[in-house]
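To keep things clear, I will list the structure first and then write my remarks on it.
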């Protein structure tokens with residue numbers, strides 16, 4: 001088994017290249033003039049429609065299926081994983097996971113290979129896809145999932161795995177991993193976006209936009225630190241208003257819910273309730289929150305371990321929505337490549353049972369993940385509010401061009417966030 005390394009050859013060069021690319025990208029955005037919110041949404045919708053049109057021109061609606069092959073080693077399963085808060089600690093060499101595997105699945109020969117951080121894992125997966133030398137199971141990010149489905153390289157899991165096993169996962173979480181009713185992945189964790197709040201300053205976490213505004217107003221009145229809110233995300237706000245970014249046909253950003261969601265977020269800034277530097281940046285919002293500069297912010301529940309030494313008690317809850325809480329699910333997913341899937345059906349089922357099993361579930365308590373198979377750990381204590389957030393969550397559409405769509409969305413949201421009506425088009 002390949003082991004995680006603190007010094008991966010080429011990592012510094014790749015990281016430097018990534019930093020340069022991001023700096024250039026940020027520089028390009030910095031040179032663009034801010035836009036009024038309505039204009040920013042309209043331009044984002046136009047760009048997204050063009051991306052989807054290009055995607056339709058390149059693809060058919062029929063998902064090809066890679067021909068299945070028999071395997072000479074039906075009990076041997078190869079699994080690749082990148083750096084992940086739950087799977088990486090479980091599969092580290094110093095953990096006796098092979099003994100646990102031998103006890104729970106004695107006939108399974110599972111070989112797990114660490115392939116680096118995600119930006120390195122993408123390179124290995126890309127080369128392996130081109131060469132046709134793929135593992136049986138892989139951990140992938142959601143932006144890769146739709147293109148893999150369209151390529152026909154993945155096995156539909158509802159035709160491969162026992163129904164009783166799939167029934168252990170929350171239906172809402174599985175629904176976000178389906179295309180045309182077929183399931184193509186399993187959730188690798190129960191991370192989701194949550195509202196973090198200072199329990200000393202917020203006794204009852206707000207569940208709606210109106211409650212968030214009123215809570216923030218009460219906190220901001222007469223305080224030396226006027227901002228009550230750090231980051232408030234657009235996606236969750238859009239969904240809670242009944243809107244969507246896009247489907248396979250076109251953008252939904254020209255609709256009333258999109259305008260309402262953006263107007264609400266910008267109104268928090270204009271009232272002096274939300275920190276302007278955190279509007280489009282959850283990391284900045286979380287840093288402000290840990291310093292005590294804001295009383296509430298939205299970020300991934302994966303940040304919960306970073307709150308252990310906080311100077312104040314912290315609670316979590318679903319992200320406030322227009323009529324109720326609504327969070328965003330994690331982007332990590334486990335997929336099965338089709339080539340040997342049916343020749344190794346039993347072994348792959350055992351491998352997925354292990355990779356999502358009790359060894360992973362018991363780590364949820366300290367990692368900030370809700371259990372994805374709660375029946376395995378019925379007495380597990382997680383942070384109050386986390387399970388509720390996970391049960392009130394959804395995810396982005398499974399379209400192959402989502403990475404490009406998300407980039408355009410972020411670009412135009414940033415331009416809208418920089419718009420200051422009272423000062424024309426100047427940035428804060």
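The values are calculated or read from the model by the stated rules, or taken from the named source; none is laboratory data. Quantities reported herein were computed from a predicted structural model and do not represent experimental measurements. Ideal geometry is used to build each Cβ from the backbone, glycine not excepted, and the neighbour counts take in all protein chains shown.
Please determine whether any residue of region 242-259 is surrounded by 24 or more Cβ atoms within 10 Å (Cβ to Cβ), assigned to a helix (DSSP H, G or I) and free of Cβ contacts under 8 Å to residues at least 40 places away in the same chain. Break it down stepwise before answering.
Just the residues of region 242-259 that are surrounded by 24 or more Cβ atoms within 10 Å (Cβ to Cβ), to begin with: 251, 253, 258.
When the remaining residues are screened for being assigned to a helix (DSSP H, G or I), the result is 258.
With free of Cβ contacts under 8 Å to residues at least 40 places away in the same chain added as a condition, the list becomes none.
No: region 242-259 contains no residue that is surrounded by 24 or more Cβ atoms within 10 Å (Cβ to Cβ), assigned to a helix (DSSP H, G or I) and free of Cβ contacts under 8 Å to residues at least 40 places away in the same chain.
Among the residues of region 205-213, is there at least one that is more than 21 Å from the chain's Cα centre (by Cα), surrounded by fewer than 23 Cβ atoms within 10 Å (Cβ to Cβ), without any contact (Cβ under 8 Å) to a residue 60 or more places away in the chain and more than 21 Å from residue 314 (Cβ to Cβ)?
Checked region 205-213: at least one residue is more than 21 Å from the chain's Cα centre (by Cα), surrounded by fewer than 23 Cβ atoms within 10 Å (Cβ to Cβ), without any contact (Cβ under 8 Å) to a residue 60 or more places away in the chain and more than 21 Å from residue 314 (Cβ to Cβ).
Collect the residues in region 155-164 that are under 16 Å from residue 333 (Cβ atoms) and either surrounded by 16 or more Cβ atoms within 10 Å (Cβ to Cβ) or at pLDDT 95 or above (or both), keeping them in residue-number order.
Within region 155-164, 155, 156, 157, 160, 161 qualify.
Select, from 389, 416, 370, the only residue that is modelled with pLDDT of 95 or more, crowded, with 20+ Cβ neighbours inside 10 Å and touching a strand residue (DSSP E or B) at 6+ places or on another chain (Cβ under 6 Å). Spell out how you get there, then give the answer.
Details: 416 fails: touching a strand residue (DSSP E or B) at 6+ places or on another chain (Cβ under 6 Å); 370 fails: touching a strand residue (DSSP E or B) at 6+ places or on another chain (Cβ under 6 Å).
One residue alone meets the criteria, 389.
Looking at region 163-212 only, could you name the residues that are outside any loop (DSSP other than H, G, I, E, B) and farther than 22 Å from residue 139 by Cα? Step through it out loud before you land on a result.
The first filter runs over region 163-212 and keeps only residues outside any loop (DSSP other than H, G, I, E, B), leaving 163-166, 171-175, 178-179, 182-183, 186-187, 192-198, 208-212.
164, 194, 195, 196, 197, 198, 208, 209, 210, 211, 212, listed by residue number.
Among (1) under 23 Å from residue 153 (Cα atoms); (2) touching a strand residue (DSSP E or B) at 6+ places or on another chain (Cβ under 8 Å); (3) surrounded by fewer than 20 Cβ atoms within 10 Å (Cβ to Cβ); (4) at pLDDT 90 or above, where does residue 49 come up short?
(1)
Looking for whichever is over 20 Å from residue 78 (Cβ atoms) and in contact (Cβ under 8 Å) with a residue 60 or more places away in the chain here; the options are 119, 114. Which one fits?
119
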